[in-house]
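Undergrad: Got a structure for you, questions after.
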Amino acid sequence: MTNLRQIRYSFPVRLLALHFRNHLLLIGLWVILALMMTGVIGRFFGMHYLILTPEYLGNVNFLSFLITGAAFGAFVMNWNLTTYLLTANRFPFLATLSAPFTKFCLNNGIIPLAFFSAFLAASTRFQWHDELTKTAEIIWNIAGFVIGSIAFFGLIAAYLYFTNKDIGSFLRPGEFIPSPGGRLLAPGYRLPTIWEIREGATRWRVDTYLTERMHLRLVRSVAHYNPEMLAQVFRQNHLNAVVVQGVALLLLMAQGVFMDSEWVRIPTGATVFILASIIMSMFGAITFWFRNWGTLVFICLLVAVNYITGFGFFNYRNRAYGLDYQEENRAVYSYQEMEKICSPENLNRDKAATLHILDNWLAKNRTPFNPKPKIIFLCVSGGGMRSSLWTMQTLQQLDRATDGKLLRQSALISGASGGMLGAAYLREVYLRQQNGEAVSVYDSTLTADISKDLLNPVTFAVIANDLFFPISTFRSGDFTYRKDRGYLFESQLNENCRNFLSKRIADYRRPERDAAIPMMVISPFVLNDARRMLISPQGVSYLMKPTDQGRLAAQVEIDGTDFGKLFAHQEADSLAFTSALRMNCTYPLILPNVWLPTNPSVEAMDAGFRDNYGITIAARFVLTFRDWILENTGGVVFVQIRCWQKIDPIIKSDTKGILHTLLTPASAAANLTSMQDFDQDNTLAMLDDVLGKNKLNVVRFLYRPVRKENEASMNLHLSKREKLDLMEAYYAPENQASLAALKQILRK
């Protein structure tokens, strides 16, 4: 019984109980990190391996683990600093000990130690199973994490050990007499009264504590100490804790200045720990100073920050690089303006220009043996990096298998998000190959390029730059913009793709016009009114609304805007091609919505919200030019490359609780892509009816994981096993059957 009582009233157990009672938000941070690390939450987005296999300078190695370990050490130290600020007043005996903060950390280590052990086990397994890492390398990597954690934690602990004072530093002769009713440690923190001290030494009873040598020691009474002197000890310790946290934040902010330097971009796992540290520090500071008013103060701060950042200098919104954002040059974004853009004159002019492109396409593909070649439309799906790699792998293999017919006979590429990144890179290589450069669309390193990490620079920019305020600037075209995670995303994408994508939209006008490469229509979603922003070097006003030449023309609503015409006076031709691609794959939170220079202002984001598969744009193009297509081609082939199942499993609703039931309508958003599939199947059926019998073929290449446990996540980072699974999926029986069907179609 005595041993049980000693355990129950030991300092580690009492601290743990206090945290669960008073600091659930801090405990929640540990829980969220643990769930992310183990893949319980966020597995579909690959959040677990961002922590388990950190990447630095393109490599997962000792250095990347060392940096992440240091960040974890910082998080653990922040945990100790924050909880020390919030709980030390409940344990006055600490002030009587030598190195009080060091002993507090040792006794406060149950949660960090449990997480640390779980990380080592999970990371070891993940490296072996998913990254296919050799045993010796795994041990070396784990050693890096351990060394980094201990080194950083030890560095800060040593500083606090030598600077934090205990009661002996303040004792002077004659000050052993208690002074009743001591008052404040800090705003909202009352020092225990003499009666409380004499009754139990503290409001939270503690009988034993762990020493630096991991021995249990009995807690001594502090009744004979002056409460004001105890308060002085804690005030000094608290000041040290605040100084350490403040310096850490300043160093983090300073990193944003060097965000262009690759060596500064720490691993994503490290940024996750740093972000958790910032949240913990904010919670600790607000709770420490405002106690029971903390929640209200936090809400007021959010309201104030939101208000301040809506005006003047602090009003920052991400921009599309190359466009003119001067206030006097804003484009008018209204339905009346859209009607002007798709006027009969513009429609006829754009159609005539596109017909010229189609004529050039026909001249390139028509032969005496095949006077009416099939016209191909490439429709690629969104899906993060997995879609980029899947699109690249599939297009390369299909073009090789069809002896170059796939790319040569493709007239248009449409789609969303990651799929368009892969297609855009391959199209650029295809153009350079035709111009005589020493590159090949069949080069196996292209898949390696497009699957390189994009997440590290984005998350680094969030932590070191965007959470504070973007200050650094750069020039694009004739204008200056601020650097943020959107800028780093574009820079890293271009770097991964050998700087081949450092072009302007207008640079593709001539190659598309000559039919040297397929047209590409990039169609980000306009958040404000759910329309598309149709980005192309060609005039595409005919894609702004459904094709209708009859009496219903006036009744059909415009659902898109020709970007080039809308921003003709804002230098639309100078838009960076990477900015157009980024707008098309701006997944919420990961990348910033792109603010466009319009009046009223509007924002562009991921095209997948309107069409995740690229079918709608392609179908409208075919309907617009159906007469030319029927006269000059052997039919239409839609080659769809998608990373999503065509038929989703049905989820049962038998065991829903009342809260789950109330939230069910909101969960309909998760079925957005399925609803698009239904609508697009209907569109394809009507298109088949319009074109006539045997004039439309749809060939799908679907990424289905070879092994379910290796399914690639929808992320901007892929593990080695995920990459292998994506590459192998092309050889699945259903995709090989699709390949055979495509080859047969193109022979006709």
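Undergrad: Among the candidates L63, L29, L35, single out the residue that is assigned to a helix (DSSP H, G or I), touching a strand residue (DSSP E or B) at 6+ places or on another chain (Cβ under 9 Å) and under 30 Å from A712 (Cβ atoms). Give the steps one after another, and end with the answer.
TA: Numbers: L29 fails: touching a strand residue (DSSP E or B) at 6+ places or on another chain (Cβ under 9 Å); L35 fails: touching a strand residue (DSSP E or B) at 6+ places or on another chain (Cβ under 9 Å).
On inspection, the qualifying residue turns out to be L63.
Undergrad: Across region 17-44, what is the number of residues that are open to solvent by 30 Å² or more (accessible area, probe 1.4 Å) and closer than 21 Å to N292 by Cα?
TA: Going through region 17-44 one residue at a time, the tally reaches 6.
Undergrad: Looking at region 676-693, I want the residues that are open to solvent by less than 70 Å² (accessible area, probe 1.4 Å) and have a partner that is part of a helix (DSSP H, G or I) with Cβ atoms under 6 Å, at least 6 apart or on another chain. Which pairs are those?
TA: Q680/I615; T683/A619; L687/A619
Undergrad: How many of the residues making up region 94-132 are under 19 Å from N22 (Cβ atoms) and touching a Lys or Arg at 6+ places or on another chain (Cβ under 8 Å)?
TA: Total satisfying the criteria: 1.
Undergrad: Select from region 286-327 the residues that are of a type in the set (A, V, I, L, M, F, W, C) and buried (at least 18 other Cβ atoms within 10 Å of the Cβ) and write down the one among them that is modelled with the lowest pLDDT.
TA: F288
Undergrad: Restricting to region 485-510, count the residues that are open to solvent by 40 Å² or more (accessible area, probe 1.4 Å) and over 19 Å from the mean Cα position of the chain (by Cα).
TA: 8
Undergrad: Spot the failing condition for R21; the list is (1) out of contact with any helix residue (DSSP H, G or I) (no Cβ under 6 Å at 6 or more places or on another chain); (2) assigned to a loop (DSSP other than H, G, I, E, B); (3) free of Cβ contacts under 8 Å to residues at least 60 places away in the same chain, and only one is missed.
TA: R21 satisfies every listed condition except (2).
Undergrad: Go through region 719-748 residue by residue and tally those that are touching a helix residue (DSSP H, G or I) at 6+ places or on another chain (Cβ under 6 Å) and within 24 Å of L132 (Cβ to Cβ).
TA: Going through region 719-748 one residue at a time, the tally reaches 6.
Matching residues to (1) open to solvent by less than 10 Å² (accessible area, probe 1.4 Å); (2) more than 22 Å from F621 (Cα to Cα); (3) more than 27 Å from the chain's Cα centre (by Cα):
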position	(1), (2), (3)
K372	no, no, yes
I375	yes, no, yes
L378	yes, no, no
G383	yes, yes, no
S388	yes, yes, no
T394	yes, yes, no
Q397	no, yes, yes
D403	no, yes, yes
L412	yes, no, yes
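Undergrad: Ok, one more. I need the full set of residues from region 333-369 which are under 20 Å from L407 (Cβ atoms) and open to solvent by less than 40 Å² (accessible area, probe 1.4 Å), in order please.
TA: Across region 333-369, the qualifying residues are T354, I357, L358, W361, L362, N365.
Undergrad: Sticking with this one: Please verify whether region 128-137 includes one or more residues that are touching a Ser or Thr at 6+ places or on another chain (Cβ under 9 Å) and open to solvent by less than 10 Å² (accessible area, probe 1.4 Å).
TA: No, region 128-137 contains no residue that is touching a Ser or Thr at 6+ places or on another chain (Cβ under 9 Å) and open to solvent by less than 10 Å² (accessible area, probe 1.4 Å).
Undergrad: While we're here: Residue check, N141 against (1) at pLDDT below 75; (2) over 18 Å from F75 (Cβ atoms); (3) open to solvent by less than 40 Å² (accessible area, probe 1.4 Å), all met but one. Which one?
TA: Single failed check for N141: (1).
Undergrad: Another one. I'd like the residue in region 68-119 that is polar (S, T, N, Q) and outside any helix (DSSP H, G or I) and, out of all such residues, is modelled with the lowest pLDDT.
TA: S98
The values are calculated or read from the model by the stated rules, or taken from the named source; none is laboratory data. Predicted model, so just to flag it, every value in this text is computed and none were measured. A quick note on method: Cβ atoms are made from the backbone with ideal geometry, for glycine too, and the neighbour counts reach across all protein chains shown. Quick note on the areas: whole protein, heavy atoms, side chains included, nothing else; ligands and nucleic acids left out. Shrake-Rupley method; radii C 1.70, N 1.55, O 1.52, S 1.80 Å.
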